[in-house]
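J.: Encoded as structure tokens, here's the structure I'll be asking about.
The values are calculated or read from the model by the stated rules, or taken from the named source; none is laboratory data. Owing to the predicted nature of the structure, the values given are computational and were not obtained by experimental measurement. Cβ atoms come from the backbone with ideal geometry, glycine included; neighbour counts cover every protein chain shown. These accessible areas exclude ligands, DNA and RNA; they are computed on the full protein's heavy atoms, side chains included. Shrake-Rupley method; radii C 1.70, N 1.55, O 1.52, S 1.80 Å.
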Amino acid sequence: MTIKTVGVLGCGLMGSGIAQVCAAAGYRTIVREVEEPFLEKGMERIRKFLRDGVEKGKVTAEAEGKTLQNLSGTTALAELESSDLIIEAIIENVEEKTKAFAALDAIVRSHTIFCSNTSSLCITELASKTKRPDRFAGLHFFNPVPIMKLVEVIRALTTSDETYQTVFSFAQSLGKEPITAPDKPGFIVNRLLVPYLLDAIRSYEHGLGTIEDIDKGMKLGCGYPMGPFTLLDFVGLDTTYYIANIMFEEYREPAYAPPPLLKRMVLAGRMGKKSGQGFYKY
Ligand code: CAA
């Protein structure tokens with residue numbers, strides 16, 4: 001099927017990045033946020049990224065203009081009515097996502113495909129609660145969305161072959177490199193990344209080294225762009241804690257159990273970069 005109009009639900013860090021790449025790829029893109037100030041913050045993040053991109057010589061002024069032209073923001077859910085494909089990027093909560101998809105089910109056309117950007121929730125569960133379980137898939141982007149090349153395409157048990165092919169091709173049309181991941185907690189990337197991050201915290205608690213030295217070790221010794229503690233702060237400690245809990249609940253393996261220090265840091269409000277303090281101060 002042909003996709004012309006893309007709806008994005010949520011204009012936070014992930015939603016704004018997703019809306020940006022869809023608009024940049026030439027899709028008419030409508031991004032919806034619940035309240036005007038959140039929408040404006042997300043739209044400004046997009047404008048700033050494009051402005052900086054032009055300054056750095058990474059984005060042409062023409063591409064900047066076209067992206068902004070293809071993009072519109074709204075607080076009215078009804079404006080997503082004409083979307084051929086909708087990508088949901090709201091809070092990681094099954095009830096909230098289910099409610100949002102139910103509201104969309106009532107207004108969009110029958111061919112519209114639903115995708116969730118969830119990093120941890122069960123795609124089959126989300127799909128089964130809609131009226132279109134065959135036209136539902138996971139489409140998991142990575143932060144920062146405009147820069148990271150990867151997208152995971154996740155098939156629910158109910159996803160039809162046609163939907164899977166359409167979503168996979170759509171991801172390619174965004175200039176991304178899609179991989180096919182199973183509908184199991186963590187998909188492919190977080191299944192490997194989260195135990196590594198949790199192990200870094202556990203190792204630190206056991207006196208392996210300082211935070212700075214562990215980070216330096218992995219960065220300079222393995223060529224990773226950032227060490228595990230910098231990455232934890234970047235991803236968000238609350239997000240990591242949340243994903244780890246979901247993975248542990250399903251797999252029941254110690255590798256996915258959040259270490260005590262992570263829980264305490266979240267309780268203390270040290271979420272990482274976004275809160276001004278995590279393993280480092282910002
Ligand atoms: N417009 C266009 N391009 C831009 C840009 C802009 N405004 N800002 C930066 N770029 C480009 C840069 O020009 C550069 O491109 P080249 O490599 O071609 O030169 C590239 O983006 C990287 O930018 P910088 O060199 O300025 O920044 P950096 O070297 O510090 O890299 C980073 C930044 C890419 C984020 C890097 O630190 C990194 O890869 N970090 C790890 C990120 C990561 O692991 N993300 C996944 C998190 S897990 C997740 O998201 C999933 C989940 O479910 C939790």
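J.: Treating the stretch 108-186 as a set of equal point scatterers at the Cα positions, no solvent, please give the Debye-formula log₁₀ I(q)/I(0) at q = 0.14, 0.17, 0.27 Å⁻¹.
T.: -0.40, -0.59, -1.32
J.: Can you give the calculated 222 nm mean residue ellipticity of the chain, where each DSSP H run of n ≥ 4 adds -39,500 (n - 2.57) and the sum is split over every residue, rounded to the nearest 500 deg cm²/dmol?
T.: Roughly -14500 deg cm²/dmol at 222 nm, from the helical runs in the chain.
J.: Run through all the Cα pairs of the stretch 156-220 and give the fraction in each 10 Å bin from 0, expressed as whole percent.
T.: With a bin width of 10 Å, the distribution comes to 17, 30, 23, 18, 11, 0.
J.: Leaving out ligands, DNA and RNA, and with a 1.4 Å probe, what % of the accessible surface on the chain is carbon or sulfur?
T.: 56
J.: May I have the convex hull volume per residue, in Å³, for the Cα set of the stretch 190-271?
T.: 87
J.: Quantify how much of the Cα-Cα distance distribution of the stretch 35-88 extends past 15 Å, in percent.
T.: 57
J.: Here's something else I'd like to know. For the stretch 194-272, state which chymotrypsin sites (Phe, Trp or Tyr not before Pro) are in a DSSP loop and have at most 13 other beta carbons lying within 10 Å of their beta carbon.
T.: For chymotrypsin sites (Phe, Trp or Tyr not before Pro) across the stretch 194-272 that sit outside H, G, I, E and B with at most 13 neighbouring Cβ atoms in 10 Å, the list is empty.
J.: Taking the Cα centre as origin and putting +1 on Lys and Arg beta-carbons and -1 on Asp and Glu beta-carbons, what dipole magnitude results for the chain, to the nearest 20 debye?
T.: 360
J.: Leaving out ligands and nucleic acids, note down the accessible area per residue over the stretch 190-271 with a 1.4 angstrom probe, in whole Å².
T.: Per residue, the stretch 190-271 has 54 Å² of solvent-accessible surface.
J.: Related question: Among the trypsin sites (Lys or Arg not before Pro) within the stretch 47-99, which fall in a DSSP loop and have no more than 15 other Cβ atoms within 10 Å of their own Cβ?
T.: Lys56, Lys58
J.: Continuing with the same structure: Over every pair of different alpha-carbon atoms in the stretch 61-176, take the mean of 1/r and invert it; report that Kirkwood radius in Å.
T.: By the Kirkwood definition, the hydrodynamic radius is 14.9 Å.
J.: State which entries of Lys149/Lys216; Lys41/Lys281; Lys58/Lys184; Lys4/Lys41; Lys48/Lys129; Lys66/Lys281 exceed 28 angstrom in Cα-Cα distance in the structure shown.
T.: Table pairs above 28 Å Cα-Cα are Lys58/Lys184; Lys48/Lys129; Lys66/Lys281.
J.: Exactly which trypsin sites (Lys or Arg not before Pro) in the stretch 206-252 are in a DSSP loop and have at most 12 other Cβ atoms within 10 Å?
T.: Sites meeting the loop and neighbour criteria: Arg252.
J.: What is the set of long-range amide H partners of Gln277 at a cut-off below 5 Å, with H atoms built 1.01 Å from backbone N?
T.: Here Met271, Gly272, Tyr282 satisfy the definition.
J.: Then there's this: Evaluate Rg over Rh across the chain, taking Cα atoms for both radii and Kirkwood's formula for Rh.
T.: 0.97
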